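The values are calculated or read from the model by the stated rules, or taken from the named source; none is laboratory data. Since the structure is predicted, the reported quantities are computational estimates derived from the model, not experimental observations. In this analysis, Cβ positions are derived from the backbone assuming ideal geometry, glycine residues included, and neighbour counts consider all displayed protein chains. Ligands, DNA and RNA are stripped out before the accessible areas are found, and what is left, the full protein with its side chains, is counted by its heavy atoms. Shrake-Rupley method; radii C 1.70, N 1.55, O 1.52, S 1.80 Å.
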Amino acid sequence: MTDHHSATARAPIAVPAGTTDRGGIALAALGVLAFSFTFPGTVWGLDGLGPWTLTCARVALGAVVAVGWLVLARVPPPERRHWPGLATVAAGTVIGFPLLTTLALQTSSTAHAAVVVGLLPISTACYVTLRTGSRPSRAFWGAALVGAAAVLVFAIQQNGGAPTAGDGYLLLALLICAAAYGEGGRLAGEMPGWQVMAWALTASLPPATVGLVAALATEPAELTARSAVGLLWVAFGSQLLGIAVWYRGLARAGIARASQLQLAQPLLTLGWAVLLLDERLTPAAPLTAVAVLVCIVITQRSRG
């Protein structure tokens with residue numbers, strides 16, 4: 001699902017002018033496709049597991065693979081100055097975002113969550129803007145406000161006139177993940193993007209293990225075939241496979257070009273919600289997703 005922005009500050013591999021690395025574009029597209037299954041995978045995981053169990057198991061499984069990956073690649077530990085940023089990435093993309101969106105998906109539909117979380121690129125751009133002290137154009141702030149307003153109206157309309165607890169979880173997820181993506185992007189300018197996520201996962205292994213033991217003792221758990229597939233997907237498909245091909249695609253095709261593919265992610269998730277979860281979309285869902293997509297394009301082009 002959702003950890004892939006943390007490579008956005010890394011310099012792309014040079015490609016001859018006027019050419020396109022189609023292999024890189026294909027890898028980036030595969031990454032977006034993997035991320036688009038995160039919410040459906042989470043819903044499947046909740047079929048037999050509680051939200052805390054699912055989140056902690058996802059992190060623990062991914063962290064074990066990340067540790068092995070780092071050991072096999074003989075990657076030296078990060079410098080001390082990198083750890084505060086890695087802690088932010090771990091708190092946001094590894095633990096905070098998965099947990100908060102999992103809690104939200106207990107009461108919110110996948111389509112609803114996909115539209116609300118579609119604001120994440122705008123939220124991240126706003127965080128980076130404030131973090132760096134830059135002064136973007138009025139068009140940037142105008143598009144950001146319009147996108148936020150569109151999602152707010154959608155959420156209120158869908159919930160009968162008032163936001164719900166699920167919307168609160170999604171809002172918190174947006175804020176914490178935007179900060180994590182911003183810090184991850186900064187770190188990815190100093191180390192390979194996959195290492196940023198691998199170290200963040202490694203740092204999360206101890207609390208995830210403790211949390212998993214506590215969750216299993218307090219939440220009912222029944223590992224059905226559906227919940228097992230969902231758990232395995234969010235742990236390995238979204239969290240590791242998706243990230244690996246996404247980062248490689250950014251490096252080969254160039255960040256500016258490849259990252260535009262991510263604009264399709266909310267719309268893809270809406271499609272999977274219908275096909276895999278039998279959800280029925282209201283006309284407002286795809287219309288709001290498209291409106292947010294337009295706002296994202298404007299913010300990305302007017303940040304300077």
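Under the 0.36 nm per residue contour assumption, what length would be gained going from the current alpha-carbon distance of V210 and S134 to full extension?
Working: separation 76, 0.36 × 76 = 27.36 nm, distance 4.06 nm.
Extending this stretch completely gives an extra 23.3 nm.
Using alpha carbon centroids, what distance separates segment 147-196 and segment 56-75, in Å?
After rounding, the separation between the Cα centres reads 25 Å.
Okay, which of segment 107-132 sit inside 19 Å, backbone N to the point 7 Å along the Cα-Cβ direction of V229?
110-111
Quickly rank 88-94, 291-297, 214-220 as a protection proxy: mean count of other C-beta atoms within 10 Å, highest first.
On the way: 88-94: 26.0, 291-297: 19.9, 214-220: 13.0.
Peptide ranking by packing, descending: 88-94, 291-297, 214-220.
Run the 1.4 Å probe and let me know the accessible area of M197, rounded to the nearest 10 Å².
0 Å²
If R₀ is 22 angstrom, what is the calculated FRET efficiency for the pair A217 and V65, using the beta carbon separation as r and rounding to 0.05? Numbers along the way, then the final one.
Details: r = 25 Å, r/R0 = 1.14.
Efficiency, from the Cβ-Cβ distance: 0.30.
Calculated from the structure, Rg and Dmax of the Cα atoms in Å equals which of (1) 17.5, 50; (2) 18.4, 58; (3) 20.0, 60?
After the calculation, the listed value that fits is (2).
Fully extended, how many nm does the chain gain between R74 and R22 (0.36 nm per residue separation, minus their Cα-Cα distance)?
The span from R74 to R22 would gain 15.7 nm if fully extended.
Expressed as a rounded percentage, what relative contact order does segment 164-304 have, with Cα pairs under 8 Å and six or more residues apart? Mind showing how you got there, number by number?
Details: 22 pairs, mean separation 21.0, N = 141.
About 15 percent, as a whole number.
Provide the FRET efficiency to the nearest 0.05 for the A87-F236 pair, computing r from the beta carbons and using R0 = 22 Å.
Numbers: r = 24 Å, r/R0 = 1.07.
The calculated FRET efficiency here is 0.40.
Taking only complete DSSP H runs, can you tell me which helices of the chain stretch 24 Å or more along their own long axis by Cα positions and average at least -0.5 on the Kyte-Doolittle scale?
Numbers: long enough: 51-72 (32 Å, 1.63); 138-158 (30 Å, 1.41); 165-187 (33 Å, 0.99); 193-218 (36 Å, 1.16); 284-302 (27 Å, 1.65).
Helices meeting the span and hydropathy rule in the chain are 51-72, 138-158, 165-187, 193-218, 284-302.
For the chain, with all protein chains present and a 1.4 Å probe, just round the carbon and sulfur fraction of the accessible area to a whole percent. Write down the numbers at each step before the final one.
On the way: 9210 of 13500 Å².
Whole-percent figure for carbon plus sulfur exposure: 68.
So what is the 222 nm mean residue ellipticity for the chain from helices alone, if each DSSP H run of at least 4 adds -39500 (n - 2.57) and you divide by all residues, rounding to the nearest 500 deg cm²/dmol? It would help to have the intermediate numbers written out before the result.
Working: 15 runs with 207 residues, N = 304.
Mean residue ellipticity at 222 nm (helix-derived): -22000 deg cm²/dmol.
Tell me, which longest segment in the chain has none of the trypsin sites (Lys or Arg not before Pro) that fall in DSSP loops with at most 11 further Cβ atoms within 10 Å? List each step's numbers first, then the result.
Numbers: sites that count: R74, R280.
That would be 75-279.
Run the numbers on the chain and let me know its relative contact order in percent, using alpha-carbon pairs under 8 Å that are six or more apart.
47 percent
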